[in-house]
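Asker: Just dropping this structure here.
The values are calculated or read from the model by the stated rules, or taken from the named source; none is laboratory data. Every value quoted in this text rests on a predicted model; they were computed, and no experiment measured them. Glycine gets a Cβ as well: all are built from the backbone with ideal geometry, and neighbour counts include every protein chain shown. Just so you know, the surface numbers come from the protein's heavy atoms only, side chains and all, with ligands and any DNA or RNA stripped out. Shrake-Rupley method; radii C 1.70, N 1.55, O 1.52, S 1.80 Å.
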Amino acid sequence: MRSCARPFLITLFGAWATAACGLVPTDLFDQRTCAIGALSPDGSLLVYSVGVYDRELGRTLETVRLRDLETGVQQVLFTPDDRAGGFVFAPGGLALAFTRDTEAGTEVWLMNADGTERRRVAGPGDFGALVWSPDGTAVAHVVDDRDPRYEGVPGEITVADDLGWRTLDRGEREGRLRQVHVLDLATGEDRALATPNLDVREVVWSPDGLRLAISAKHRRDLNRTLNTDLYLLELRGDGTLRRFTDNPGPDEHPIWFDDGAIACQSHADSLHESEPATIVIRDVASGRETDRLLQDFDNCVWGLWRHEGAYYVRGAARGSAAIFRAEGRQGRLLGKLGWNCSDIRFGGTRAIVLATSQTSPGALFDLDLESGSRALLLDPNERWSQRVGLVDPQHFTVAVAGRTIDAWIFLPDDWEPGLRLPTVLSIHGGPEWMYGGYFLPEFHVLPTFGYAVLAANPTGSTGYGREHMNDVRGDWTGRPARELLAVVDRAVAEGWAEPDRLAVMGGSYGGHLAAALTTQTDRFRAAAVDRMYPQLESFWGATDQKWFPEWEFGGRPFDPGAREAYLRNDPFRDVARVVTPTLISHGLRDFRCPESGSLIWYSALQSQGVPTRLLRFHDEGHGIRDRANQVFYLEQLLAWFERHVLGAGVHD
């Protein structure tokens, strides 16, 4: 263990403070990542990676390993210099396909399952995630192809003819649509398949290898609605493309099985991304629905897998993104709550799960599909966690207007009853999201410097049923605000929080609500808002997801009945009331909540003489992801709270 006292530079003051044992911002440089590469069909071989951040290069370097899960023997397959990824086992598990990134483009490679006999089969070029054909002779993949009729000049002049011209994950589309390609592994020929006006999201093979099922969005729906449909594409003859579903909402994650049926995840709302989804099975020949599952699963669902005849989904449950097996109209939880599953692979009688928790940045688990028991397979941060000392939160609940709100408080390790602490209320994004199962470094850094941190799941949060979630519609800044203030009141009543030394912070919707709270009360001595957009009418026009505010507020801001909801939840109309010193941060590549939102708030507070500081991260999107940027932000956050929560609040 390291010493329990160490100097730490508060950058805003240029002065030194002392931190007790615990996580400090620069410790993030030593935090490791892990990821699942592939799991063999019989569940015996696992490809996985561990990443280490290189401060000089400013990026994470990943080493890829192959582990025999029966014997525990493992070997290094690739070093960071190999830049290998996208691993997928062939049918039967005897070979692996993977990609390697080079300066000239991406290459496709094959090797035996034990890592021997590696050979390049295609590239350099553009290749997406590889999907093996049933006979192992080809792989399908999806590539961004530019329409030759595009009239703009890429990188210089953008020409837009639809709402999907720019997205958070792809930037400016510049005439590109994701299209299906099939790569012949023997000849290296990569053939583009015509799917006019469709932006393809997923692709699966028919069991006989003669057709593809694709999940795709029509270009007219890009950024406008959630609608995606399934299409069947013939690989013989003229490549006939047939629309298979016409549901107004999303039909996603197709699975084509041997008995002539296709399953997918589906719900009918074209605007509400968090609408609980069902599993729909359809006959391929007729398109007729033959079965439906999860009708009574009353929470968000993400992802769909079928293994050994059973269906599995990731579902929201009281602060966790957990794994459920579909059993008729319901879902049965596998494992325990308190973890967020972000990736899962199936093989044999097991699944390998990548998950985080409030005290774990990420680990790999071996999930027994028969018993539901879970064993830790790899924690790349086990020693790091022991060295820095992470905080185990205390769970509590608050009843507000007949609704029970889950909440947590993170206290310094040396806290003793009767000692009141400066306290930071953190508000999650969404609003359809949740705290309880994922790791946030600020929840551990702030207690190191003497703060308590409050987190809660107010109305709008997922994992508590449709009513709890949907009651936020048209009420972003009312009921959730009252519930969060009740959580703060409880922290004061319990003797945890010092009532005169409170702060509030949040990102995305959390930043929006944090800003709104500073218009409703002056009890917070400081605020920190990240990637927020306080002017909702403008937000509808600026965001890359029009359907999101249209569901939240009942339409477009100029539609009858909707404008009042936009204005009622708009913090900017009351910005003149704000006196709370506010730290504002934003990524310049954020097209979900574009930077103009932060500039609006910053300009208004600056013009009123409210202490403000603006942090603009040029290479960030919706959230601060780069490790060096995270460290910088946390140092700025500590300095801001040091000045305005602990200090005299003097603004230079």
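Asker: With angles folded into 0 to 90 degrees, how steeply does helix 627-641 sit against the dominant principal axis of the chain? Use alpha carbons for both and round to 10.
Answerer: 20 degrees
Asker: Just from its helices, what would the mean residue ellipticity at 222 nm be for the chain, if runs of 4 or more DSSP H residues each count -39500 (n - 2.57) and the sum is divided by every residue, rounded to the nearest 500 deg cm²/dmol?
Answerer: Details: 10 runs with 93 residues, N = 652.
After summing the helix terms and dividing by the residues of the chain, the value is -4000 deg cm²/dmol.
Asker: Share of segment 398-507's accessible area from carbon and sulfur, percent, 1.4 Å? All intermediate terms of the calculation are to be shown ahead of the outcome.
Answerer: Details: 1540 of 3310 Å².
Using a 1.4 Å probe with all protein chains present, segment 398-507 comes out at 47 percent carbon and sulfur.
Asker: Round to the nearest 10 and give me the degree value, 0 to 90, for the angle of helix 509-520's Cα axis relative to the longest principal axis of the chain.
Answerer: 20 degrees
Asker: If you don't mind, another one. Please tell me the relative contact order of segment 303-406 in percent, rounded to the nearest whole number, where contacts are Cα pairs under 8 Å and at least six residues apart. Walk me through the intermediate numbers first.
Answerer: Working: 173 pairs, mean separation 14.4, N = 104.
This gives 14 percent for segment 303-406.
Asker: Taking the Cβ-Cβ separation of D114 and T63 as r and a Förster radius of 22 Å, what is the calculated FRET efficiency to the nearest 0.05?
Answerer: Working: r = 18 Å, r/R0 = 0.80.
The calculated FRET efficiency here is 0.80.
Asker: Once the other residues with Cβ under 12 Å from the Cβ of T137 are scored (Lys, Arg +1; Asp, Glu -1), what is the net sum? Intermediate values should be presented prior to the final figure.
Answerer: On the way: positive: none; negative: D135, D184, E189.
For residues surrounding T137, the net value is -3.
Asker: FRET efficiency for A576 and R383, Cβ-Cβ distance as r, R0 = 51 Å, nearest 0.05? Present the calculation step by step, with values, prior to reporting the outcome.
Answerer: Numbers: r = 51 Å, r/R0 = 1.01.
The formula returns an efficiency of 0.50 here.
Asker: Treating the angle as unsigned and between 0 and 90°, give the value, to the nearest 10°, between the Cα long axis of helix 596-607 and the longest Cα principal axis of the chain.
Answerer: The two axes meet at around 10 degrees.
Asker: Tell me, what are the semi-axes, in whole angstrom and largest first, of the equivalent ellipsoid of segment 69-185 as set by the roots of 5 times the Cα gyration tensor eigenvalues? Could the numbers behind the result be given before it?
Answerer: Working: eigenvalues 233, 49, 33 Å².
The answer is 34, 16, 13 Å, longest axis first.
Asker: Given the Cα-Cα distance of R288 and L163 and 0.36 nm per residue of separation, how much length would full extension add, in nm?
Answerer: Numbers: separation 125, 0.36 × 125 = 45.00 nm, distance 3.27 nm.
This chain segment gains 41.7 nm when fully extended.
Asker: I would also like to ask the following. Roughly how many Å² is the accessible area per residue of segment 221-352, as a whole number, for a 1.4 Å probe?
Answerer: About 41 Å² of surface per residue is accessible.
Asker: What percent of all Cα-Cα pairs in the chain falls into each 20 Å bin, going from 0 up to the bin containing the maximum distance?
Answerer: 17, 51, 29, 2
Asker: Compute log10 of I(q)/I(0) for segment 380-465 with the Debye formula, placing one identical point scatterer on every Cα and leaving out solvent, at q = 0.23 Å⁻¹, to two decimals.
Answerer: Once normalised to I(0) and log-transformed, intensities are -1.16.
Asker: Follow-up question, since we're still on this one. May I ask you to give the percent of accessible area on segment 531-652 that is carbon plus sulfur, with a probe radius of 1.4 Å? All intermediate terms of the calculation are to be shown ahead of the outcome.
Answerer: Working: 2340 of 4790 Å².
Carbon and sulfur atoms account for 49 percent of the accessible area of segment 531-652.
Asker: Would any residue of segment 117-135 have its amide N under 17 Å from a label point 7 Å out along Cα→Cβ of A104? List them or say none.
Answerer: Of the residues in segment 117-135, 119-127 have backbone N under 17 Å from the label point off A104.
Asker: Using the Cα centre of the chain as the reference point, and only Cβ charges (+1 on K/R, -1 on D/E), how large is the resulting charge dipole? Debye, rounded to the nearest 20.
Answerer: Working: 68 positive and 91 negative charges, 202 e Å.
Result for the chain is approximately 980 debye, rounded to the nearest 20.
Asker: Starting from a Cα-only point model with no solvent, please compute log10 I(q)/I(0) by Debye for segment 269-367 at q = 0.13 1/Å.
Answerer: The Debye formula, applied to the Cα set alone, gives -0.49.
Asker: Using unit Cβ charges (K, R positive; D, E negative) and no other charged atoms, how large, in debye to the nearest 20, is the dipole of segment 83-189 about its Cα centre?
Answerer: Numbers: 12 positive and 19 negative charges, 60 e Å.
Here segment 83-189 has a charge dipole of around 280 debye.
Asker: Among Y438, Q545, A526, whose Cα lies farthest out toward the positive end of the dipole of the chain, if unit charges sit on the beta carbon of Lys, Arg (+1) and Asp, Glu (-1)?
Answerer: Looking along the dipole axis, the top candidate is A526.
Asker: Please report, to one decimal in angstroms, the Kirkwood hydrodynamic radius of segment 597-652 built from all distinct Cα-Cα pairs.
Answerer: On the way: mean 1/r = 0.0782 Å⁻¹.
It works out to 12.8 Å.
Asker: With point charges of +1 on the Cβ of Lys and Arg and -1 on the Cβ of Asp and Glu, referenced to the Cα centre of the chain, which listed residue (A213, A497, L378) lies farthest in the positive direction of the dipole?
Answerer: Among A213, A497, L378, the one farthest towards the positive end of the dipole of the chain is A497.
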